[in-house]
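Just below is one structure, and these are the notes that go with it.
The values are calculated or read from the model by the stated rules, or taken from the named source; none is laboratory data. Worth saying up front: this structure is predicted, and the values here are computed from it rather than measured. Every residue, glycine as well, gets a Cβ built from its backbone with ideal geometry; the counts of neighbours run over all protein chains shown.
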Amino acid sequence: MHRMRGIMKPLATAVSFILLFMVMCAWAESPQVDFSGTWIQDMDQSDAHPKFMRSLGAPNDIMPGGMGGMGGMGGFGGGMGGPMPGGQNAKQPAANTPPPPMVIKHSGKEIQIITTMNMGGKEMPIIENYTLDGKDTVQETAVPNSQEKSERKTKAKQKKNKITISTKTTTTSTQNEVKKEFSLSKDGKVLTLKISNQTVTNGMSSRSTVQKIVYNKQ
């Protein structure tokens, strides 16, 4: 009898560990939060423009002229467009009028983000596709008005209700990094996007901005 008890005790412990391992595996393989939907910018809750950051990290003034709803495609930032300035003659949207919706199509580790950029008063769709595997995707592109080429590294990953997309573009004299963090509310109805943009020229930080944009699901 004592011998049976001696066998059953380690057996029960082993079974407990196996069950715990199965639960952990099931949790790890559970489907990620789905960001799919049509998203309308909440103008009252969003920053109107990117804000300059001081060297110590404190917000300073807004960026002159703004950069549009999602930071635009200025400089080496690339990334999701959103409306951006189209020059002095471009048609400007009315105050507190949200830009065209952002559409997200999300399935597993694949995500497509469609935004709209304003160019000279004309709306142009910007379609971007990412794989949320946390791996670098490297592209080499020509620098405008130069024979130089730039290297662009993009990395996208998801952790539960957060998606992070970072893009780093490097030339011989300039390095620009844009980081976009998407956070989805528990009820799936509010999407918050934080955009940080830092440009380093000749080894010295020359510009750093941050912007928060809030979207409501249509």
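Just a few scattered comments:
- Being at pLDDT 95 or above and crowded, with 17+ Cβ neighbours inside 10 Å is not true of residue 208.
- Any hit, the stretch 188-197, residues being charged (D, E, K, R), closer than 30 Å to residue 43 by Cβ and within 13 Å of the chain's Cα centre (by Cα): yes
- Any hit, the stretch 126-142, residues being among the polar types (S, T, N, Q), without any contact (Cβ under 8 Å) to a residue 12 or more places away in the chain and exposed (fewer than 12 other Cβ atoms within 10 Å of the Cβ): no
- The set of residues from the stretch 143-175 being free of Cβ contacts under 8 Å to residues at least 12 places away in the same chain and under 22 Å from residue 33 (Cβ atoms) comprises just one member, 159.
- Qualifying residue in the stretch 171-194 (condition: at negative phi, touching an Asp or Glu at 6+ places or on another chain (Cβ under 7 Å) and modelled with pLDDT under 95): yes
- Within the stretch 176-200, the set of residues being over 17 Å from residue 35 (Cβ atoms) and in contact (Cβ under 8 Å) with a residue 40 or more places away in the chain comprises 176, 178, 197, 199.
- Any hit, the stretch 100-116, residues being among the acidic types (Asp, Glu), within 30 Å of residue 189 (Cα to Cα), assigned by TED's automatic domain parsing to the domain that holds residue 189 and modelled with pLDDT under 95: no
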